[in-house]
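Undergrad: One structure follows; several queries about it will come next.
Here, each number is a calculation from the coordinates, and none is a lab measurement. Keep in mind that this is a model prediction, so the values were computed, not measured. All Cβ positions, even for glycine, are placed from backbone atoms using ideal geometry, and neighbour counts span all protein chains on display.
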Amino acid sequence: MGEKMTRITAMELKRKKLKMRPAKFYASPRKPPSDSMLPLFDKSHTRNAMARFNQVDFKSKNEKKTAFAKIMRSAKKFKIDIEDFKKRKPKI
């Protein structure tokens, strides 16, 4: 009875369909994976992650720094202009 129910989100279903690990699929992977933030599996989701980056409540400065770096790599992969996003680099 006391077990926590893990919800399956649409993003988790997409991640499983693509057979990607949470660390590759999300800028900010968490446990359980359904609590992960900012999916990066395609160009539109990477753009969305860039736009919402400052709206996310990161658990630590390190999580924020890691997410920023992953978003930058994904943006470069999908050839997205990163000039405005670079200005939001977290200060650690």
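Undergrad: At 222 nm, what value in deg cm²/dmol follows for the chain if DSSP H runs of at least 4 each add -39500 (n - 2.57) and the sum is divided by all its residues, to the nearest 500?
TA: -13500 deg cm²/dmol
Undergrad: On to the next question. What does the charge dipole of the chain about its Cα centre add up to, to the nearest 20 debye, if the Cβ of each Lys and Arg holds +1 and the Cβ of each Asp and Glu holds -1?
TA: About 360 debye.
Undergrad: Going down the table (Lys24/Lys89; Lys43/Lys76; Lys24/Lys70; Lys16/Lys61), which pairs top 18 Å between alpha carbons?
TA: Checking Cα-Cα distances, Lys24/Lys89; Lys16/Lys61 exceed 18 Å.
Undergrad: Follow-up. At 30 angstrom or more along the helix axis (alpha-carbon based) and mean Kyte-Doolittle of 1.0 or higher, what helices does the chain contain? Whole DSSP H runs only.
TA: none
Undergrad: Something else now. With springs only between Cα atoms under 10 Å apart, run a GNM on the chain and tell me which of Ser34, Ser74, Ser60 wobbles the most.
TA: Per the Cα network of the chain with a 10 Å cutoff, Ser60 tops the list.
Undergrad: Be a star and scan the stretch 40-70 for residues whose amide nitrogen sits under 17 Å from the point 7 Å along the Cα-to-Cβ vector of Lys79.
TA: Of the residues in the stretch 40-70, 42-47 have backbone N under 17 Å from the label point off Lys79.
Undergrad: From the P(r) of the chain, could you give the percentage of C-alpha pairs in the tail past 23 Å?
TA: Distances greater than 23 Å cover 23 percent of the Cα pairs.
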